[in-house]
2 protein chains.
Amino acid sequence: MAVTMNDVARAAGVSLKTVSNVLNDYEFIRPATRQKVNEAIAELGYEANLTARSLRSGKTRMLGLVLSDLSVPYYGELASKLMKVASLRGYRVLVEQSDANVDNELSALQGPFRQLTDGLLFTPLAMEADAVASSRGNKPVVLLGEYILDARFDLVTMKNEEAARAVTAHLLAGGRRRVAVVGAHPEDSGGSAGLRLSGYRKALEDAGIAFDPALMAPGGWWRDAGAAAVAGLLDAGVPFDAVFGLNDTLALGAMHELLIRGIKVPQDVAVAGFDDIDEARFASPSLTTVSPGMDEIAERSIGLLIDRIEGLQPEDDGVHVEADFILKIRESAP
Amino acid sequence: MAVTMNDVARAAGVSLKTVSNVLNDYEFIRPATRQKVNEAIAELGYEANLTARSLRSGKTRMLGLVLSDLSVPYYGELASKLMKVASLRGYRVLVEQSDANVDNELSALQGPFRQLTDGLLFTPLAMEADAVASSRGNKPVVLLGEYILDARFDLVTMKNEEAARAVTAHLLAGGRRRVAVVGAHPEDSGGSAGLRLSGYRKALEDAGIAFDPALMAPGGWWRDAGAAAVAGLLDAGVPFDAVFGLNDTLALGAMHELLIRGIKVPQDVAVAGFDDIDEARFASPSLTTVSPGMDEIAERSIGLLIDRIEGLQPEDDGVHVEADFILKIRESAP
DNA sequence: CTGAAAGCGCTTACAG
DNA sequence: CTGAAAGCGCTTACAG
């Protein structure tokens, strides 16, 4: 059997409560008592039983993280950061994959997953705001992402519109006048795609350049879509001197297509992306992009969630955080 | 307060034990009793308290997964698969990142992480076999990877050597005679790099082609290393008609360098990789590679671990599993 | 087939 | 500052 607090108490010649006090850093313990207990702990190799602690205290010191799938590079990187930040505050992260499916999101919000965690970091990809509000239970939930902007929720997100505006402005400041935008549909609005497209249009407006719908190449957010978009523009004879990919994967696909057709980047066409994934740094030429502040997103969301769990954050309306972005100027658009 | 088993027992007019029997699918319960209990459960919205169950039973129904970092694409994909497979058998996966650091690996093996999980899937990146053996405790551990091959351990891995031999043989069967190999050092032996290099050499031998050290381009396993390796060979004037990257990232970097220099893939130079990451499928041209059987690795390792936990696997020596690989022939080397 | 009792290892009021 | 008691919500022998 494992060593218990009772064994420690007996070895130290004190009561159970005193051992508990030492373990929980209770303030008013005589140094001598504390030392006796600590010696007994060391001697017996005692380790607290976390399950028993959870049962009694009602806290697990685990945070739930709900996202679509860890195999998506952005989420893999995010999960990694969140786990590191949580660990510094003494919490673990338990991940649940929703596959962006409504039923899975709902069961992550309501099912046994909630019991195992003191609070939730939730990326709503399928559920509507009202559904989330009515099924989130009574433990804290912090939303991650931009799909639901609602005073009822705590939310940590990135500056999609401003960052897209800044990176587009950078292309224009470099003398580019015909910036193709890859990955957006005209009808996008509230999601990442819509907000980034809107930032692009504002930058054009700022520079007094008319928006040309011919420069907009819609499509999925994958590498092949970026390549296809550029191929489409070239084959249609649409002139352009820069490409803004709404994410890095698109931008890299676009750049690849330009290069194999003998078009020089950045001399003939400048390319910029969004996300600053690892691959952007390693591409050749390296990719100019915008870093959406994933470190800050991780720190603020974990901080906010733990403050809610520990009652440190006053129970007002939802707190909304937008992480600062950083423009990463690299070879593809100097 | 939450609804407890006691409330259910009272509502159904039976004892606590009977409710427990129903919940645990005990065989010999009268259908009428079972139905009464199930109705009470539904009516009260009862959900079992997992923490209490764990405390009493000593089982958490969680599996620990120790790997270096979820932001590494291969590990993100692996974690995702493992979680899905475990879920089908009623287990969750709790991830711990070791950063390939000895101290972190040791504390994952010995610390509180073990308490929270019924068994461990462990990727040993820094610890030696003996250290793992002496600190693995008494709950089951299944190793993932090829660094430790030892009868004391359960191990699930891939056929590094055979798969490398097969993909090289495919290049040779296509008429290539000068296959550059990217990412290996001559002195590599037991790790992935060494095993894959050895497979490459065996394929050459099978075909009666002498190994030419000039075709070996060492370097890290990243995109830029692949590009640099190809650049080095070209600049040195070493002739070659194919490239085998010891992983896909290397192969993609190599292919990129060939394309921007105007060398046609596969007409002038064929390219093949190893791993079959998502990116390989989306590259243009799509990348010929070897899929190391991640699905099988996930299923076998989870299956073996759970069998050990539930006592279904006899306590003999360690079980060693090598997943079957699949050659994925795509455009870069048809 | 079902019941009454014990106990997993902690923390939490309540005293003193 | 410290102690004795209760109890978190289950499962597990033990009876019958």
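Here are some notes:
- Value of Rg/Rh across region A:5-48 [Cα atoms, Kirkwood radius]: 0.90
- Histogram of C-alpha separations across region B:160-291, 5 Å bin width, %: 2, 12, 25, 28, 22, 10, 2, 0
- Neighbours of B:ALA180, meaning other residues whose beta-carbon lies under 12 angstrom from its beta-carbon, give a summed charge of 0 when Lys and Arg score +1 and Asp and Glu score -1.
- Near A:ASP276, the amide H atoms lying under 5 Å from its own belong to A:ASP248, A:VAL290; only residues 5 or more places off or on other chains count, and H is placed 1.01 Å from N.
- As a rough guide to protection, the peptides B:226-239, A:154-167, B:54-67 ranked by mean Cβ packing within 10 Å, highest first, stand as A:154-167, B:54-67, B:226-239.
- Shielding of A:2-14 by partner chains, average beta-carbon count, 10 Å: 0
- Taken residue by residue and averaged, Cβ atoms of other chains lying within 10 Å of the Cβ of B:67-78 number 6.
- Rg/Rh ratio calculated on Cα atoms of the protein assembly as shown (Kirkwood radius): 1.02
- Once you reduce region B:315-334 and region B:120-181 to the center of their Cα atoms, the two points are 10 Å from each other.
- log₁₀ of I(q)/I(0) at q = 0.11, 0.16 Å⁻¹ - chain A, Debye sum with one point per alpha carbon: -0.77, -1.24
- What separates the B:ALA214 label point from its copies, with the point 7 Å along Cα to Cβ, is 5.2 nm, written shortest first.
- Whole-Å semi-axes of region A:26-85's equivalent ellipsoid (Cα gyration tensor): 38, 14, 12
- Here is how far apart the B:GLY262 label points are across copies: 0.8 nm, shortest first, using a point 7 Å from Cα toward Cβ.
- Cubic angstrom per residue, convex hull over Cα atoms of region B:33-134: 132 Å³
- Calculated label separations, B:ARG10, copies of the chain, 7 Å along the beta-carbon direction, nm: 3.7
- For the rotational copies B and A, the chain B residue with its Cβ nearest the relating axis, together with that separation in Å, is B:GLY76, 2.
- Counting Cβ atoms of other protein chains within 10 Å of each residue's Cβ and taking the mean over peptide B:251-259 gives 2.
- Distance between region B:50-75 and region A:229-301 - C-alpha centres, whole angstrom: 38 Å
- Taking the average, over residues, of other Cβ atoms within 10 Å as the packing measure, peptides A:28-39, A:252-263, A:10-21 rank A:252-263, A:10-21, A:28-39 from highest down.
- Calculated [222 nm] ellipticity per residue, helices only, for chain B: -13500 deg cm²/dmol; basis is -39500 (n - 2.57) per DSSP H run with n ≥ 4, divided by all residues, nearest 500.
Taken together, the values in this text are just the output of simple stated rules run on the coordinates, not laboratory data. Predicted model only: the values in this text are computed from it and were never measured. Note that we place each Cβ from the backbone using ideal geometry, even for glycine, and neighbour counts take in every protein chain shown.
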